[in-house]
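First the structure, in the form of structure tokens, and then the observations on it.
Values quoted throughout were computed directly from the atomic coordinates according to the rules given, and no laboratory measurement underlies them. This structure is a prediction, so every number in the text was calculated from the model and none was measured. Neighbour counts are summed over all protein chains in view; Cβ atoms, including those assigned to glycine, are modelled from backbone coordinates with ideal geometry.
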Amino acid sequence: MDGDSVATPEVLPGDDEATLRPKRLTEFIGQERVREQLELVLQGAAQRGTPPDHVLLAGPPGLGKTSLAMIIAAEMGSALRLTSGPALERAGDLAAMLSNLVEGDVLFIDEIHRIARPAEEMLYLAMEDFRVDVVVGKGPGATSIPLEIAPFTLVGATTRSGTLTGPLRDRFGFTAHMEFYSTEELDRVVRRSATILGVDLRADGATEIAGRSRGTPRIANRLLRRVRDFAEVRADGVVTRDVARAALEVYDVDELGLDRLDRAVLGALVRSFGGGPVGVSTLAVAVGEEASTVEEVCEPYLVRAGMLARTPRGRVATASAWSHLGLMPPVNAPGLMAPTLFGSDIDSDAAHTAD
Ligand SMILES: Nc1ncnc2c1ncn2[C@@H]1O[C@H](COP(=O)(O)OP(=O)(O)O)[C@@H](O)[C@H]1O
Ligand SMILES: [Mg+2]
């Protein structure tokens with residue numbers, strides 16, 4: 001399956017996010033709770049004159065984690081050093097990064113759940129004591145040399161906070177749980193972007209795009225660009241509701257904003273597995289995708305949209321999934337039962353034990 005549908009929350013070439021990224025906390029739309037919590041963390045530290053506690057940003061792709069990391073540095077008036085879990089394969093890679101930090105710097109580790117074990121262990125000490133032990137040599141002659149590090153603030157981002165080890169998670173002073181955005185918030189996101197990009201976006205056009213953006217600002221911005229192309233090529237450049245609809249039709253984005261992978265997952269779940277329960281890896285094989293992509297990219301929104309439920313026995317299609325695909329749900333489909341019965345069987349935290 002090709003993953004580059006316009007409605008994927010992952011980064012695509014041409015997204016050009018730098019232009020549209022909010023630069024300060026006041027420009028950052030939505031996530032009221034996270035913003036308030038973060039403001040307190042930053043202000044408290046500023047008043048004490050110390051670097052703020054380490055911050056973990058958790059949530060699905062495209063919700064603003066990287067933007068927030070940059071904003072944290074900007075609000076602190078600090079430099080941002082950027083790396084990612086997969087880039088920190090050896091402890092030495094991290095040691096090099098850490099030893100170059102200047103007091104008050106923000107170190108941003110994207111996809112921190114993918115950090116290699118030895119680097120992770122080095123990070124514990126660095127986060128706690130601003131110190132690392134660098135091992136020199138091998139075998140019985142190996143010695144460990146303690147190295148001081150300038151006090152810094154670590155900002156980690158993850159799409160899978162559930163897979164972080166306890167010791168790593170415990171070393172963050174604050175975890176921001178990013179939520180999907182409401183249509184009203186996405187409406188503000190696309191209107192802001194239209195102003196920056198110089199797109200003539202009408203109110204009903206903005207609402208239409210917002211409603212199909214899968215709760216995700218990255219997708220909202222991308223859909224705006226695609227709709228603008230359509231408006232300029234096939235219409236008079238003005239983005240109205242009708243123009244937006246016609247454009248999104250061309251790009252295969254449905255009324256709920258589901259993309260091809262979302263629909264393939266629901267389709268397989270319903271047609272090949274009778275609605276489930278089925279394990280996520282089996283489901284991933286059926287749609288020809290990595291289990292991690294199905295789990296981290298696809299599922300969070302399907303769960304939030306009430307189409308898919310994670311149960312201890314596996315993934316299950318809800319009644320809305322059947323009807324969204326134009327099929328009759330079976331009488332025992334979740335979502336048709338009484339809410340109390342339904343609630344007792346569904347446990348989103350059981351997701352990782354499902355298979
Ligand atoms: N709260 C927000 N307000 C306005 N735009 C946002 C917001 N969050 C994200 N965006 C837009 O979405 C894009 C993707 O956000 P990003 O921070 O890269 O997400 P993540 O790192 O979580 O995948 C950004 O370039 C920005 O344009
Ligand atoms: Mg990011």
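Points worth noting:
- Three-way shape call for segment 247-313 based on the alpha-carbon gyration tensor, with the a/c threshold at 1.5: prolate
- Extreme residue, positive dipole direction of the chain, given options T175, A220, L248 (C-beta unit charges): L248
- From phi via Karplus (6.51, -1.76, 1.60), per-residue ³J(HN,Hα) for segment 104-114 in Hz, x at Gly/Pro: x, 4, 9, 9, 9, 10, 7, 6, 5, 5, 9
- Computed over the alpha-carbon atoms, segment 64-184 gives an Rg to Rh ratio of 1.01, Rh here being the Kirkwood radius from the mean inverse distance.
- Net length gained if the chain between T183 and R117 were fully extended (0.36 nm per residue, minus Cα distance): 19.8 nm
- Relative contact order %, the chain, counting alpha carbon pairs below 8 Å whose residues are six or more apart: 16
- Karplus-derived 3J(HN,Hα), 6.51/-1.76/1.60, for each residue of segment 117-126, Hz, glycine and proline x: 3, x, 5, 4, 5, 5, 5, 3, 5, 5
- Of S272, S161, S84, the one that fluctuates the most in a GNM where the chain has Cα springs shorter than 10 Å: S272
- Dividing the mean sequence gap of close Cα pairs (under 8 Å, 6+ apart) by how many residues segment 183-250 holds gives a relative contact order of 36 percent.
- Segment D242-S84, length gained on full extension (0.36 nm per residue, minus Cα span): 52.7 nm
- Gain on full stretching of the segment that runs from E290 to D53 - 0.36 nm per residue minus C-alpha separation: 81.9 nm
- Contact order relative to length of segment 100-160, as percent, for alpha carbon pairs under 8 angstrom and 6 or more apart: 51
- Oblate is the label for segment 11-98, because the ratio a/c of its alpha-carbon gyration tensor axes (a ≥ b ≥ c) is 1.5 or higher and a/b is not greater than b/c.
- In segment 217-322, a dipole from Cβ-located charges (positive for Lys and Arg, negative for Asp and Glu) runs towards its positive end, and of A309, V285, L266 it is A309 whose Cα lies farthest in that direction.
- With θ taken as phi - 60° and the Karplus curve 6.51 cos²θ - 1.76 cosθ + 1.60 applied, the whole-hertz 3J(HN,Hα) list for segment 259-271 is 9, 4, 5, 4, 5, 5, 5, 5, x, 5, 4, 7, 7 Hz, x standing for glycine and proline.
- Anisotropy class of the chain from Cα gyration tensor, a/c 1.5 cut: oblate
- Cα-based helix-to-principal-axis angle, 241-250 vs the chain, degrees rounded to 10: 80
- Degrees separating the helix 217-234 axis from the principal Cα axis of the chain, which is the longest one: 50
- The local environment of E232, defined by Cβ-Cβ distances under 14 Å, has a net charge of +1 under the rule Lys, Arg +1 and Asp, Glu -1.
- Simple spin-label estimate for F174 and D15 gives 2.5 nm between the two label positions (7 Å along the Cα-to-Cβ direction from each Cα).
- Highest GNM mean-square fluctuation among G139, G59, G77, for the chain modelled with Cα contacts below 10 Å: G139.
- Interchain or long-range residues, amide H under 5 Å from G156's placed H: V55, L56, L57, I109
- Under 5 Å between amide hydrogens, built in the peptide plane, is the criterion, and for G237 it picks out E232 among residues at least 5 positions away or on other chains.
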